[in-house]
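The values are calculated or read from the model by the stated rules, or taken from the named source; none is laboratory data. Keep in mind the model is a prediction, meaning the values are calculated, not measured. Cβ placement follows ideal geometry from the backbone for every residue including glycine, while neighbour counts extend to all protein chains displayed. In case anyone asks, the SASA skips ligands and DNA or RNA and just uses the protein heavy atoms, side chains included. Shrake-Rupley method; radii C 1.70, N 1.55, O 1.52, S 1.80 Å.
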Amino acid sequence: MIAQKKVLDHTDYENWNAIKNQTISSDGNTIMYLLEKGEKDSSLKIKNNKGKLVFEHERAEKPVFTNNFKTALFTVKPWKDSVVELKRKKVKKDKLPKDTLAIYSLETNTLTKIGNVKSYSIPEKWDGFIAYLLEEVKTVKKQRDTSKKEKKVKKPKKVGKNNGYHLVLRNLTTKKQDTFKYVTNYKFAKEGKQLAFITTGLDSTVKAGVYVLNLENNQLNSIFEANKKTKYYQLNFSDSGNNLSFIADRDTTKTQVRPNELYYWTQGNSTAQKLLDPISAPNGYRVSSDGTISFSKDETKLYFGLAKPPIVKDTTLLDEEIVNVEVWTYNEPRLYTVQEMQVKKDAKKSYTTVIHLNNKNLVQLGSTEYPDTRIGDEGNAEFALLSNPEPYLLESQWTGNSARDYAIVNTNTGAITKIFDKMSGRVSLSPKAKYAYGYNSIDSTWFTFNLATKKMTNLTKGKVFYDELNDSPVHPRSYGSAGWTEDDASILLYDRYDIWEFNPENGTSKKLTDGRASKTSYRYIEFDKEERFLTKKDKWLFYTFNELSKNSGYFQFNPKNNKGKQLITDAYRFSTPIKAKKSDNVLFTKQSFEVFPDIIYSDLSFKKQIKITNANPQQSEYNWGTAELVYWTSLDGEPLTGMLIKPENFDPSKKYPMIVNFYEKSSDGLFSHKAPSPGRSTINYSFYASRGYLIFNPDVTYKVGYPGESAYSCVIPGITSLIEKGFVDKENIGAQGHSWGGYQIAYLVTKTNIFKAVESGAPVPNMISAYGGIRWWTGLSRQFQYEHTQSRIGGTPWEYPARYIENSPIFSLDKVNTPMLIMHNDADGHVPWYQGIELFVSLRRLGKPSWMLNYNGEPHWPLKMQNRKDFNIRMQQYFDYYLKDAPMPVWMKRGVPAIEKGINQGYELIPDSK
């Protein structure tokens, strides 16, 4: 007899593992990852390329290999449950357990632990050292000698944010280490073996200032000395380590206008040279402490930021004397609420400036006229790209379109040439900065602009390289770009399916793949995030996805002969592989509804595959589910696709309750694995399938001006087509959705009684009042959403009042006969939570069965674990009551009175309540 499988419950969330931070050593022979159980503590696992466990450690985070793959570094965290208990005992924050740095040698199989580490760093391109700051320094208390008179010894200054921390430099090979006291900042050079650090000099062995340690000869150079209260900013090396720059503020007064000074040091000089100060800075500007310092790759240019003088406050005024009023103006570029959200950003605004290091010539690139600057060719380029969005910010309030004026500036002379007015869509520089390029959304065309000849070439004019399925009242987006080939010779662009190579100078093109006939898309896989261009010396790997079957895979392409072959394709969702830096070995995952995405080890042929992990073997003990595609026709005659999730033990002769859950188009996610977890906004598919539910997720297409009607036209026929198959219990169908999905659910129940109960999260029942609302996380007006994007009305309330009324459930709530559970949180920064209130109080006014959940202080969705668990428990009890004849919980019967909030949850089931 086959044993009965278990059914998933909320307590099972804690038994499920997630794989995080998977990485592979540069030689491709060692794999490291974290296994996180139940969103609590993580365990580190290190395995060889056969899948054999080499090392493991509990409570680990942030694992990383050194470049020579001989050492693994990670942070050891305190037990989360232990920290919770200490907090319960009112232990102060600074007394809670600190993190520990762990250094594991793969050569000797030894582990070194260093406690109380605030931060650590290793060189990016070379090996042998680690530097870390100690948050606490333990000192041994000497026994008092009473036989002779003791000299009074000063207590050492405490380490901390103002005084600095003790920096330890450790040689990972010899284990020798040096300590530099009271350090506030430190930095390894990217390529050269140099370490720079800043100390407040509170220890008598070194003076306050900036030091450079040459790790080739262990020579320590004091390159800048200043008072102990000097503040420093933007410490940064050139890649080679031969040049260093920083900003110093040596003024000890509390003046609001800081007299920042820019300093520069080069190898061979004994001290740093002052390049700029308040007197020598361009008129009306000052050296910014917030502008990033960087060097060009050829190290002939130093880039930094200039800023306008700050707005000076009158510090003599008392609080009761300060006028506290917001003045909103109809024609200012940014809405006041946006300005509020960007106050810190505005205060830190700087304008990119370059100093040519050979002659110390200063050229200001950015300015108030063109505030945004992009440098090219890793800073080597003759031209930089300037842009200014301000003339079009006001209209972006309702268009949602981020247009800009663009210009180029000569980095040698500062001469500016305007190249584009009101260009919609971002413009970038090619890797060698020969071209400015981008996608103009207004005419749906990719283009290039030769910076030297000023020639503009429309690459895709009259061709379909834009979203073919766009159903919003906005210009269609592009499908994107794979990047440029070496020396800016060509650019690779995507259409819906294929990859095309374009000559940027004359617009001629050739198609590299042939996916349209089979409805298979090809997309380039970038292994190295620092990759500037695609080299034709190597073979390329493409990700493939079939629109019909939803199968994915990998395709190898040879750019030398423009031929390729499919390496693997299957009924899974494959991941983007992680490639070892110095070999062809890769890590990847494949997943489906039934298959967890465990780590697989292979090479770029994908012929031999070794499964490295088995994260959740317990899944086989539970009744799970299956996922399949279903097809039907909308009321408008359009063929549609959706997903149907069935319980593992599905019997077509039985009838099952069904929950309809949707957003827009989700069927491409057919092979996504759904591990049990307390989701923040939607039903967990594996959880409900395990408990005997069907889940139907229909794709929806939209007609501009009629989003609600479009949802009805697509969803309802999909439901009836499944009812006709005989296994859906038509008397027990529910629906659940969040945000845009929540709106559509609220709309549907005003038009149909097919649902027995629904949950609507963060819905918009009133498009008229929501049109005038604010997205509080960004401060943006919601107008663009209705006129041009997701809500798809296509105009203003005064242009189309009928559309706003027809698509707003609030005006038809008297027709609702379906119980509704609403979740809308009072810190929602996407949809104003008063929309949820409007819906609830109106249903309450009509006497319609309805409940509203508001997780205090939570945003668009509950994020805290206890709140997510609560939401999932209540939603399950709610649907079980209506769709499975389960007893009613207390909270549905009488609510949770305010006096009981946080004390009694009301989960208890009322016997005989059906």
Subset tally (residues that are in contact (Cβ under 8 Å) with a residue 60 or more places away in the chain, outside any loop (DSSP other than H, G, I, E, B) and surrounded by fewer than 16 Cβ atoms within 10 Å (Cβ to Cβ)) for the stretch 857-868: 1
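Hey, does the stretch 466-474 have a residue that's assigned to a loop (DSSP other than H, G, I, E, B), under 16 Å from residue 525 (Cα atoms), open to solvent by less than 30 Å² (accessible area, probe 1.4 Å) and acidic (Asp, Glu)? Reasoning before the result, please.
First pass over the stretch 466-474, keeping only residues assigned to a loop (DSSP other than H, G, I, E, B): 467-474.
Subset that is under 16 Å from residue 525 (Cα atoms): none.
Checked the stretch 466-474: no residue is assigned to a loop (DSSP other than H, G, I, E, B), under 16 Å from residue 525 (Cα atoms), open to solvent by less than 30 Å² (accessible area, probe 1.4 Å) and acidic (Asp, Glu).
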Restricting the stretch 295-341 to residues that are within 30 Å of residue 360 (Cβ to Cβ) and of a type in the set (S, T, N, Q), the residue that is most open to solvent (accessible area, probe 1.4 Å): 300
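To keep it simple, each residue is scored yes or no on (1) more than 30 Å from residue 693 (Cα to Cα); (2) of a type outside the set (Val, Ile, Thr); (3) free of Cβ contacts under 8 Å to residues at least 40 places away in the same chain; (4) not in a loop (DSSP other than H, G, I, E, B).
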{"site": "726", "(1), (2), (3), (4)": "no, yes, no, no"}
{"site": "734", "(1), (2), (3), (4)": "no, yes, no, yes"}
{"site": "752", "(1), (2), (3), (4)": "no, no, no, no"}
{"site": "777", "(1), (2), (3), (4)": "yes, yes, no, no"}
{"site": "794", "(1), (2), (3), (4)": "yes, yes, no, no"}
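Looking at the stretch 602-620 only, could you name the residues that are assigned to a loop (DSSP other than H, G, I, E, B), open to solvent by 30 Å² or more (accessible area, probe 1.4 Å) and aliphatic (A, V, I, L, M)?
Passing the criteria: only 604.
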Candidates 54, 83, 91 - the one that is of a type outside the set (D, E, K, R), out of contact with any Asp or Glu (no Cβ under 7 Å at 6 or more places or on another chain) and assigned to a loop (DSSP other than H, G, I, E, B): 91
Residue check, residue 66 closer than 22 Å to residue 172 by Cβ, over 26 Å from the mean Cα position of the chain (by Cα) and not hydrophobic (A, V, I, L, M, F, W, C): no
Residue check, residue 710 open to solvent by 20 Å² or more (accessible area, probe 1.4 Å) and in a helix (DSSP H, G or I): no
Hits in the stretch 750-789 (condition: polar (S, T, N, Q), open to solvent by 50 Å² or more (accessible area, probe 1.4 Å) and either under 26 Å from the mean Cα position of the chain (by Cα) or closer than 15 Å to residue 740 by Cα (or both)): 778
Residue tally, condition assigned to a loop (DSSP other than H, G, I, E, B) and either in contact with a Gly (Cβ under 7 Å, 6 or more places away or on another chain) or open to solvent by less than 60 Å² (accessible area, probe 1.4 Å) (or both), over the stretch 869-914: 9
Some residue of the stretch 308-329 being touching a Ser or Thr at 6+ places or on another chain (Cβ under 7 Å), among the β-branched types (Val, Ile, Thr) and under 22 Å from residue 389 (Cα atoms): no
Long-range neighbours under 6 Å by Cβ, at least six apart or interchain, first residue surrounded by 11 or more Cβ atoms within 10 Å (Cβ to Cβ) within the stretch 527-541, second of a type outside the set (Ser, Thr, Tyr) and in a loop (DSSP other than H, G, I, E, B): 532/431; 533/431; 536/559; 541/525
Positions within the stretch 351-362 being within 13 Å of residue 285 (Cβ to Cβ) and surrounded by fewer than 21 Cβ atoms within 10 Å (Cβ to Cβ), in sequence order: 362
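The rows are residues; the columns are (1) assigned to a helix (DSSP H, G or I); (2) over 24 Å from residue 507 (Cβ atoms); (3) of a type in the set (D, E, K, R); (4) in contact with a Lys or Arg (Cβ under 8 Å, 6 or more places away or on another chain).
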site: 378; (1), (2), (3), (4): yes, yes, yes, yes
site: 395; (1), (2), (3), (4): yes, yes, yes, no
site: 398; (1), (2), (3), (4): yes, yes, no, no
site: 407; (1), (2), (3), (4): no, no, no, yes
site: 418; (1), (2), (3), (4): no, no, yes, no
site: 423; (1), (2), (3), (4): no, no, no, yes
site: 443; (1), (2), (3), (4): no, no, yes, yes
site: 449; (1), (2), (3), (4): no, no, no, yes
Total residues in the stretch 561-601, condition assigned to a loop (DSSP other than H, G, I, E, B), farther than 29 Å from residue 648 by Cβ and open to solvent by 40 Å² or more (accessible area, probe 1.4 Å): 6
Those residues of the stretch 186-205 which are surrounded by fewer than 19 Cβ atoms within 10 Å (Cβ to Cβ) and not charged (D, E, K, R), in sequence order: 202, 204, 205
So residue 508, is it β-branched (Val, Ile, Thr), over 23 Å from the mean Cα position of the chain (by Cα), at pLDDT 95 or above and open to solvent by less than 20 Å² (accessible area, probe 1.4 Å): no
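Residue-wise test of (1) out of contact with any helix residue (DSSP H, G or I) (no Cβ under 7 Å at 6 or more places or on another chain); (2) within 22 Å of residue 131 (Cβ to Cβ); (3) open to solvent by less than 40 Å² (accessible area, probe 1.4 Å).
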residue: 214; (1), (2), (3): yes, yes, yes
residue: 236; (1), (2), (3): yes, yes, yes
residue: 242; (1), (2), (3): yes, yes, no
residue: 247; (1), (2), (3): yes, yes, yes
residue: 255; (1), (2), (3): yes, no, no
Per-region count, the stretch 365-381, residues surrounded by fewer than 19 Cβ atoms within 10 Å (Cβ to Cβ), under 14 Å from residue 299 (Cα atoms) and not polar (S, T, N, Q): 1
Criterion violated by residue 665 - all others in (1) over 30 Å from residue 471 (Cα atoms); (2) in contact with an Asp or Glu (Cβ under 7 Å, 6 or more places away or on another chain); (3) of a type in the set (Lys, Arg) satisfied: (1)
Close pairs from the stretch 393-404: first at positive phi, partner surrounded by 17 or more Cβ atoms within 10 Å (Cβ to Cβ) and assigned to a helix (DSSP H, G or I), Cβ under 7 Å, at least 6 apart: 400/784
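Counting just the residues of the stretch 798-856 that are among the basic types (Lys, Arg) and in a helix (DSSP H, G or I), which one comes out surrounded by the fewest Cβ atoms within 10 Å (Cβ to Cβ)?
Start the filter on the stretch 798-856 by keeping residues that are among the basic types (Lys, Arg), which leaves 803, 815, 844-845, 848.
Now restrict to residues that are in a helix (DSSP H, G or I): 803, 815, 844-845.
Values: 803: 22, 815: 13, 844: 13, 845: 10.
Checked the stretch 798-856; the qualifying residue surrounded by the fewest Cβ atoms within 10 Å (Cβ to Cβ) is 845.
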Close pairs from the stretch 607-620: first over 22 Å from residue 43 (Cα atoms), partner open to solvent by less than 70 Å² (accessible area, probe 1.4 Å) and of a type outside the set (Asp, Glu), Cβ under 7 Å, at least 6 apart: 608/602; 609/600; 609/602
Given (1) surrounded by fewer than 17 Cβ atoms within 10 Å (Cβ to Cβ); (2) part of a loop (DSSP other than H, G, I, E, B), number of the condition residue 487 does not satisfy: (2)
Criterion (β-branched (Val, Ile, Thr) and closer than 22 Å to residue 351 by Cα) met by exactly one of 453, 445, 413: 413
Failed item, numbered, when residue 41 is tested on (1) in contact with a strand residue (DSSP E or B) (Cβ under 7 Å, 6 or more places away or on another chain); (2) among the charged types (D, E, K, R); (3) modelled with pLDDT under 95: (1)
